[in-house]
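Here the structure comes first, spelled out in structure tokens, and everything after it is commentary.
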Amino acid sequence: MDYKKLLGIFKHRKTVSILIAVAIGLLIWRLWIPSDRIMMKSTALIEHASAYELHIKGKAVLTFDADTTYTPAVWSNRFWLLPSCLGRVVSAPYWRRDSLSHMTSAELSQWIEQKLDLNKAVLKGLKREDAELNYYRRVHGVQDIGYNEIARHAFKIKVGMDTLRYTIAMLQKAAKSDSVTLILNRHYKVIFKTGGRLREEACTWDNQGSEASYMRFRTITKLKPLGVRAISLWPWISNIHEQYYLSHFAKNGYLACKRPHITNFLTIQSDAVDGFLPKDYSGFWVLYEHGCIVYEGMLKRGKREGEGEMTDSKGRHITGFFAADTLYYGERQDSAGTYKGEMNRHGVAMGHGTYLDDASAFYEGKWKNDLRYGFGYSIGPHTYLRAGEWQADVYKGERLVYTSERIYGIDISRFQHEIGKKKYPIDWGKLRILHLGTLSRKQVKGRVNYPISFLYIKTTEGTTIRNAHYKNDYQEAKKHHLRVGSYHFFSTTSAASLQAKYFLQNAQFQRGDLPPVLDLEPYPSQIRKMGGEAVLWARVRTWLSIIEQRTGVKPVLYISQSFVNNYLPYAPDIKKNYPVWIARYGEYKPDVRLVFWQLSPDGKVNGIKGKVDINVFNGYRQEYHQFLKKSTIR
């Protein structure tokens with residue numbers, strides 16, 4: 001055989017053998033399961049953001065039902081034998097069903113009307129909350145406990161109202177338009193880690209319409225970012241360990257603030273084997289007790305650390321944050337609502353937290369053993385604002401802090417002149433409040449030495465009793481530039497019209513005087529004897545009406561806290577239309593709207609012998625001036 005021909009065949013076979021060997025090597029290399037380091041660098045998340053858009057004449061005006069979901073993904077090559085990523089990402093499947101875009105015109109019109117009714121109802125509730133919060137801010141200041149928290153809540157309510165007003169306006173416009181469409185828009189981002197930092201890039205969904213078991217995306221730039229690795233085979237993609245994702249995203253706080261339930265799309269594969277926790281294990285872990293998951297989340301050296309989920313002794317699911325194996329903050333839902341805030345290690349609300357119940361009533365404040373305890377405030381679309389002290393989930397009332405910034409006053413009668421058989425004058429030039437009474441605890445900041453800003457004097461009682469000191473006290477009060485008012489003690493045995501006439505005959509009214517007051521303190525037996533609550537309130541209305549007509553201002557109703565609880569509900573018109581002055585000798589401010597609060601009957605006033613009723617105006621200087629401007633005798 002020709003030597004040269006044999007040499008040519010040998011060279012040809014050698015070349016083919018080399019090519020075959022290279023091909024086999026490349027194939028083995030590509031088929032080989034990627035290392036943990038490569039798999040870690042190949043992981044990503046896909047953000048699926050979708051929302052319905054309402055279009056009027058082709059222009060988007062409103063967005064509804066927004067939803068954001070995160071699915072695990074990997075950077076992937078197009079050709080498994082070649083490095084051919086070019087920005088391609090493969091993700092676990094997630095498709096949001098489009099249930100609204102294909103409605104008929106009649107169905108869309110009905111949907112718009114339903115949305116209108118719902119938004120109007122929500123706006124009505126927010127308006128009520130806004131009115132409550134505005135009233136609170138008028139009669140409180142930054143020096144009051146909790147004022148800043150309530151002011152922040154009020155700002156959120158106003159923002160919500162503005163959004164709802166715009167939404168309602170656009171829905172009303174859509175209801176009248178003959179060119180309305182509803183479109184489901186979807187947007188995607190790939191989130192990945194490179195250079196030690198989390199990064200985001202917009203991407204598009206390539207296999208739309210496909211019912212494949214995965215979703216394929218591609219970045220807008222069509223480039224693989226520097227620092228990430230792409231892998232080729234889907235079997236390896238579908239078996240990526242959860243730790244890869246947690247190392248990239250959970251430890252950076254991304255899953256904590258976005259969506260903690262990434263495990264919904266993955267099979268849990270922990271490095272720990274058969275439920276046995278290795279010593280000083282760090283990573284993702286699922287802890288079982290009696291066949292139930294009691295903890296799912298991150299561990300650091302065998303202890304819970306960072307974000308995790310647990311089930312408490314009552315079977316409530318908690319998503320929270322742990323440090324040194326102890327839960328300290330979490331979110332928990334029960335049969336009545338959702339709690340979010342500080343917790344103890346057992347998942348019990350302890351410290352500061354918020355609670356939103358199923359009726360949209362909101363509470364923010366202190367908690368103790370799962371009960372509201374300490375300062376907090378509660379408000380909802382169908383409830384009044386309650387800001388103050390709570391004990392064992394029961395609202396006790398607002399506890400004031402008494403300072404020189406508040407507006408104080410007194411009320412007097414013959415008992416400030418006559419003690420037993422002795423008579424004492426009032427030294428009008430020395431009047432100062434020196435003590436706020438001893439019947440309840442009071443939080444006083446600084447020393448009690450307050451000026452008297454207003455003064456009420458008893459004038460008459462029934463149709464026959466007149467305060468002999470009234471005329472002189474009134475003149476002295478005016479001479480010493482005090483804001484003065486007159487009050488009448490109501491009798492259940494005299495006609496209301498005659499009592500009003502008697503009061504008007506003996507009281508003095510000058511420009512700038514405080515509005516007249518009806519002192520209403522009947523015993524239950526007296527109310528029964530006169531014919532019951534309906535008769536009582538009919539007579540009260542008569543007195544109030546006559547006095548208002550003659551003086552030009554609404555009289556103030558002076559009543560006790562027990563009277564408020566037992567009898568005021570029978571006269572909602574009076575509660576709504578007339579200012580109230582309440583006597584309540586406890587540490588908590590009355591839980592009703594009022595002008596004055598008589599907080600003690602045993603205060604001490606320099607210049608007056610004996611005990612004196614001490615009162616505080618419900619508000620500060622600005623609100624007090626508004627009250628004087630609107631309510632005093634003209």
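Just to be sure, is residue 404 touching a Pro at 6+ places or on another chain (Cβ under 6 Å) and part of a loop (DSSP other than H, G, I, E, B)?
no
Starting from the stretch 556-571, keep only residues that are closer than 19 Å to residue 618 by Cβ, then list their pairs with residues that are part of a helix (DSSP H, G or I) whose Cβ atoms are within a distance under 8 Å, requiring at least 6 positions of separation or different chains.
Cβ pairs passing all conditions: 557/540; 557/544; 557/574; 559/568; 568/574; 568/575.
Does the stretch 431-441 contain at least one residue that is open to solvent by 40 Å² or more (accessible area, probe 1.4 Å) and over 19 Å from residue 585 (Cβ atoms)?
Quick first cut of the stretch 431-441, residues open to solvent by 40 Å² or more (accessible area, probe 1.4 Å) only: 432, 434-435, 438-439, 441.
Applying the additional criterion that residues be over 19 Å from residue 585 (Cβ atoms) yields 432.
Checked against the condition, which is being open to solvent by 40 Å² or more (accessible area, probe 1.4 Å) and over 19 Å from residue 585 (Cβ atoms), the stretch 431-441 yields at least one hit.
Scanning the stretch 86-130 for residues that are of a type in the set (Gly, Ala, Ser) and open to solvent by less than 50 Å² (accessible area, probe 1.4 Å), which turns out nearest to residue 74 (Cα to Cα)?
For the stretch 86-130, the residue satisfying everything is 91.
Given the criterion out of contact with any Asp or Glu (no Cβ under 6 Å at 6 or more places or on another chain) and either open to solvent by 40 Å² or more (accessible area, probe 1.4 Å) or under 30 Å from residue 55 (Cβ atoms) (or both), identify the matching residue among 151, 174.
Going through 151, 174 in turn, just one is out of contact with any Asp or Glu (no Cβ under 6 Å at 6 or more places or on another chain) and either open to solvent by 40 Å² or more (accessible area, probe 1.4 Å) or under 30 Å from residue 55 (Cβ atoms) (or both): 174.
The conditions are (1) surrounded by 15 or more Cβ atoms within 10 Å (Cβ to Cβ); (2) assigned to a helix (DSSP H, G or I); (3) of a type in the set (D, E, K, R), and residue 144 fails exactly one of them. Which is it?
Here residue 144 clears every test but (2).
Please indicate, with yes or no, whether at least one residue in the stretch 611-619 is open to solvent by 60 Å² or more (accessible area, probe 1.4 Å) and in a strand (DSSP E or B). Don't jump to the end; show me each part of the working.
First pass over the stretch 611-619, keeping only residues open to solvent by 60 Å² or more (accessible area, probe 1.4 Å): 611.
So of that shortlist, the ones also in a strand (DSSP E or B) come out as none.
No; the residues of the stretch 611-619 include none that is open to solvent by 60 Å² or more (accessible area, probe 1.4 Å) and in a strand (DSSP E or B).
Can you work out which of the residues in the stretch 343-354 that are within 22 Å of residue 300 (Cα to Cα) and buried (at least 17 other Cβ atoms within 10 Å of the Cβ) is modelled with the lowest pLDDT?
The extreme case among them is 347.
Note down all Cβ pairs under 8 Å where the first residue falls in the stretch 414-427 and is more than 18 Å from residue 471 (Cβ to Cβ), the second is open to solvent by 80 Å² or more (accessible area, probe 1.4 Å), and they're at least six residues apart or on different chains.
Every condition considered, the pairs that remain are 419/609.
Looking at this structure, is residue 486 within 29 Å of residue 410 (Cβ to Cβ), out of contact with any Lys or Arg (no Cβ under 6 Å at 6 or more places or on another chain) and among the polar types (S, T, N, Q)?
yes
Restricting to the stretch 516-541, count the residues that are over 18 Å from residue 465 (Cβ atoms) and outside any helix (DSSP H, G or I).
2
Hey, does the stretch 460-470 have a residue that's more than 23 Å from residue 631 (Cβ to Cβ), modelled with pLDDT of 95 or more, among the aliphatic types (A, V, I, L, M) and part of a strand (DSSP E or B)?
Checking the stretch 460-470: at least one residue is more than 23 Å from residue 631 (Cβ to Cβ), modelled with pLDDT of 95 or more, among the aliphatic types (A, V, I, L, M) and part of a strand (DSSP E or B).
Does any residue in the stretch 581-602 that is in contact (Cβ under 8 Å) with a residue 40 or more places away in the chain come within less than 6 Å, Cβ to Cβ, of a residue that is buried (at least 21 other Cβ atoms within 10 Å of the Cβ) and hydroxyl-bearing (Ser, Thr, Tyr) six or more places away or on a different chain, and which pairs are these?
From residues that are in contact (Cβ under 8 Å) with a residue 40 or more places away in the chain, the pairs are 581/558; 585/600.
With respect to residue 260, is the statement that it is touching a Gly at 6+ places or on another chain (Cβ under 9 Å), open to solvent by less than 70 Å² (accessible area, probe 1.4 Å), of a type outside the set (Gly, Ala, Ser) and at pLDDT below 65 true?
On the way: touching a Gly at 6+ places or on another chain (Cβ under 9 Å): yes; open to solvent by less than 70 Å² (accessible area, probe 1.4 Å): yes; of a type outside the set (Gly, Ala, Ser): yes; at pLDDT below 65: yes.
In short, yes.
Conditions (1) at pLDDT 95 or above; (2) open to solvent by 10 Å² or more (accessible area, probe 1.4 Å); (3) closer than 28 Å to residue 450 by Cβ, marked per residue:
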{"residue": "542", "(1), (2), (3)": "yes, yes, no"}
{"residue": "548", "(1), (2), (3)": "yes, yes, no"}
{"residue": "575", "(1), (2), (3)": "no, yes, no"}
{"residue": "582", "(1), (2), (3)": "yes, no, yes"}
{"residue": "595", "(1), (2), (3)": "yes, yes, yes"}
{"residue": "605", "(1), (2), (3)": "yes, no, yes"}
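When you look at residue 501, is it more than 41 Å from the chain's Cα centre (by Cα), under 16 Å from residue 461 (Cβ atoms) and touching a residue at least 12 places away in the same chain (Cβ under 8 Å), yes or no?
Yes.
Being open to solvent by 60 Å² or more (accessible area, probe 1.4 Å) and small (Gly, Ala, Ser) is the filter here; which residues of the stretch 360-370 pass it? Before the answer, list the steps.
Here is the first cut: in the stretch 360-370, the residues open to solvent by 60 Å² or more (accessible area, probe 1.4 Å) are 360, 366, 368-369.
Residue satisfying the conditions is 360 alone.
Taking the stretch 471-513 only, how many residues are in a loop (DSSP other than H, G, I, E, B) and hydrophobic (A, V, I, L, M, F, W, C)?
Number satisfying all stated conditions: 5.
Here's the yes/no breakdown for (1) at pLDDT 95 or above; (2) under 30 Å from residue 225 (Cβ atoms):
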residue: 75; (1), (2): no, yes
residue: 104; (1), (2): no, no
residue: 108; (1), (2): no, no
residue: 120; (1), (2): yes, no
residue: 141; (1), (2): no, no
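With the checklist (1) touching a Lys or Arg at 6+ places or on another chain (Cβ under 6 Å); (2) farther than 30 Å from residue 371 by Cα; (3) open to solvent by 20 Å² or more (accessible area, probe 1.4 Å) in hand, flag the one item residue 453 doesn't pass.
The number of the failed condition is (1).
Matching residues to (1) more than 30 Å from residue 110 (Cβ to Cβ); (2) modelled with pLDDT under 80; (3) open to solvent by less than 70 Å² (accessible area, probe 1.4 Å); (4) out of contact with any His (no Cβ under 7 Å at 6 or more places or on another chain):
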residue: 193; (1), (2), (3), (4): yes, no, yes, no
residue: 220; (1), (2), (3), (4): yes, no, no, yes
residue: 225; (1), (2), (3), (4): yes, no, yes, yes
residue: 228; (1), (2), (3), (4): yes, no, yes, yes
residue: 237; (1), (2), (3), (4): yes, yes, yes, yes
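The values are calculated or read from the model by the stated rules, or taken from the named source; none is laboratory data. This is a predicted model, so every value here is computed, not measured. Cβ atoms come from the backbone with ideal geometry, glycine included; neighbour counts cover every protein chain shown. Calculation scope for accessible area: heavy atoms of the full protein, side chains included, ligands and nucleic acids excluded. Shrake-Rupley method; radii C 1.70, N 1.55, O 1.52, S 1.80 Å.
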